[in-house]
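Let me begin by presenting the structure, written as structure tokens, before commenting on it.
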Amino acid sequence: MSAGADTDVPRIVLVDVSSEVERRLVAGALPLGGTVLPLRGSALAGPLADADPATVVTATRVAWAPGGGSEVTRQGTGRRRRRERWSAARPALKRRPPRPLQAAAVRRDPDRARVVVAEPATVAELTARWDGTGTLAGFVAHQAALALDRAERQVVGDRAKVPRHVAEAIRYSPEWRAEVAALAERLEAPEEEVAAEAAADLDELVAAMDPAAVEVFTGLLRPVHSRAWDVQADTARLTDLRELNRTHPLVFLPSHRSYVDPLVLADVLARHDFPRNHVLGGENLRFWPVGPIAKRAGLVFIRRTFGDDQVYKTAVREYLAFLLAKRFNLEWYMEGGRSRTGKLRPPRHGLLRFVADAVERKRVEDVYLVPVSITYDQLREVSGMAAEQGGAAKRGEGLSWMASYIREQVRTPLGTVHVGFAEPLSLATALRNGADPADPDARRLTLQKVAFQVAVGINSVTPATATALVTTALLGVRDRALTLAQVQRVLEPLLRYLTERGLPHSGAALQSARGVRLVLGALAAQGVVTVYEGGEEPVHAIERGQHLVAAFYRNNAIHHFVDRAIAELVMLRDPADRWDEAHRLRDLLKFDFFFPEREAYRERLAAELERLDPQWETSDGREVLCRADLLVAHRVLRSFVDAQLVVAERLAARDPRTPVTEPEFLAECSGVGQQMLLQGRLHGPESLSRELFSGALRLAANLDLVDPGREELARRRQEWAAQVRDVVGRVVVIDELDAAARRENVGVEP
């Protein structure tokens, strides 16, 4: 709202107060003349209609600055540390005390309550800006509220940006009206009906950022992670991100392994003075009473699928464009759900399409995508997800589910949660460098590549945790237990490889026997590892029925070893065929791992092959592998190619004319896979994962091996099964070479 301060000019002062204390503060600080009205369009309509065009309209409210740092007590070191952690994690949004406590808050700290005044404007200026939508009084009240928000941020800072009257602002915008009109024309429906439906969808979507709700929401749920984990964040990039956020909105795109991921990330960002994100989440968490509180605390509930609901898509697109234009940060989880296997799921880019629309339509100059890795040493909910991989039904979210979930989480500490931030990606740059945006297929490909880059960024800052490395060691042997020394012998070359490559890991503790023993003990305490102590020395193995849980932890780290594993498999082919085999393996594993473009992949793999042997192009591959101090293919790839083997053989055994129905086919794979495991054709139970079977089926569909056909389809299915059997056979060879080398070196098979 801009006008001078001449006291002779008639004024209308709009007062936005919520209590008698605030009313007295405003009256005492601003003894202005003129007409004083509550900040409501209904109260303003008459005076505004009678006002002179030169009348100045302004607004005022009380802005409550965050309270002082009085939470830290000196009643013992442990208690003080907990209080300091709580204080550091509290968001600055906690500022307006409840009405009964406001008088005491002012007496205790008079500087907390500060009267702010919006930038004024004349009635003539406001009338000129009004486009005729709604009433002039409603428009002026809305503009006054926005101006007060800007004034309030001068007191509480950008970190406490609070979107008010969002639905009204969007519905008043010319962009909204134009979109609704165009949509009504496309749908051949009355514009009034489309506008009403779109407005209802918008109201369903729009989240508030109410300070009290934020405090209640975070206060209730913070113990779920603060008591379970010590949060360690790699904050090297946060200073640059905060500077970037001064001019551009950020979209945080984290990995998704737990329900508490948004709580962990919110606390990390709050400690480093970022405004609270609008978190886009599924409607499965919209149950009472959490849903209403969460929505007022910035959680945007979005339908899992939109189908062909064009009205709902319009509401989502316009809402996200509004938030980005106002420089509010967003956060969502591109995998579409928690990872059931521990590695990244294929990213979904549907929401990214709406953000790209905002950039392409010039609603926002640019948006920076921030890949975020959130990785846990241990996670109790893994057991439930592992059961789902074996065919168990997922428990529905609700109040009783949440109560039991919280009880489980806070029972005992679970180690560390590691948070890392990768280099942000400019979406505007990616769109400019992409294919023709007017071509839907080309645009889809561009967004797929952007989503892929985000996933690669997440993997690049995901550490190989101590838990992941220990489970890698234990899962690499079948039906055998390892002594502490044998586990250490497996870990030593893994740690050396990660360190030499400069890859992130938290395995420093594994350099000592005591550190390895502690990790094994933590896994035993959670029932993942069993320890037998009745012999000469303790031996450790994966507990029966816990292989999928152990694989979840192992898979947190295996992306760092995939290039090495492929290089080992390549070396078991004739030198003339090695590059062709490298590309065949890339295609075979592309639905399980994220590979760069073909040329970049070739460069990366060449570097890995040279680490194995500088003369790899002509060397005898078996001899090279026998000399290697590290072999990983059997530890990294076996469960994935075993799952592919089950799917490939079931397709090969199927009448090519019989349609494949996914649920029934996956159930068939689970049953036959169990038989193959019992017969020794599969390495371990970790390959009996519905998610791995589903990935293999997607690969088969990509190879055009799923849809019904004739005899030619049967032949191609047999060829694919033979290819997978060949890869499994080479993995088995590498396993045997690794075991033989260890027997020779130490006299005991690990």
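The values are calculated or read from the model by the stated rules, or taken from the named source; none is laboratory data. Computed from a predicted model, the values in this text were never measured in an experiment. Glycine gets a Cβ as well: all are built from the backbone with ideal geometry, and neighbour counts include every protein chain shown. To get the accessible areas, we keep the full protein, side chains included, count just its heavy atoms, and leave off ligands, DNA and RNA. Shrake-Rupley method; radii C 1.70, N 1.55, O 1.52, S 1.80 Å.
Across region 586-597, not a single residue is classified as open to solvent by less than 40 Å² (accessible area, probe 1.4 Å), hydrophobic (A, V, I, L, M, F, W, C) and over 27 Å from the mean Cα position of the chain (by Cα). Determine, yes or no, whether residue 638 is within 18 Å of residue 737 (Cα to Cα), of a type in the set (D, E, K, R) and open to solvent by 10 Å² or more (accessible area, probe 1.4 Å). Yes; evaluated as a whole, the condition is true for this residue. Counting only helices (runs of 4 or more DSSP H) wholly contained in region 555-646, the ones carrying 2 or more residues that are small (Gly, Ala, Ser) occupy 562-571, 598-612. Among residues of region 169-196 that are surrounded by 18 or more Cβ atoms within 10 Å (Cβ to Cβ), those with a beta-carbon under 7 Å from a residue that is assigned to a loop (DSSP other than H, G, I, E, B) at least six positions away or on a different chain give the pairs 172/133; 172/134; 184/190.
Scanning region 445-465 for residues that are aliphatic (A, V, I, L, M) and either over 30 Å from residue 543 (Cα atoms) or open to solvent by 10 Å² or more (accessible area, probe 1.4 Å) (or both) gives 445, 447, 450, 451, 454, 455, 456, 458, 461. Against the numbered list (1) over 30 Å from residue 712 (Cα atoms); (2) open to solvent by less than 20 Å² (accessible area, probe 1.4 Å), residue 648 comes up short only at (1).
Residues in region 424-444 that are under 30 Å from residue 239 (Cα atoms) and surrounded by 14 or more Cβ atoms within 10 Å (Cβ to Cβ): 424, 425, 426, 427, 428, 430, 431, 434. Scanning region 109-134 for residues that are surrounded by fewer than 16 Cβ atoms within 10 Å (Cβ to Cβ) and hydroxyl-bearing (Ser, Thr, Tyr), we see that the one that is farthest from the chain's Cα centre (by Cα) is 127. Among the residues of region 530-550, just one is under 11 Å from residue 470 (Cα atoms) and either within 29 Å of the chain's Cα centre (by Cα) or exposed (fewer than 15 other Cβ atoms within 10 Å of the Cβ) (or both), namely 550. Against the test of being in the same structural domain as residue 515 (by the TED database) and over 30 Å from residue 667 (Cα atoms), the options 456, 470 yield a single qualifying residue, 470.
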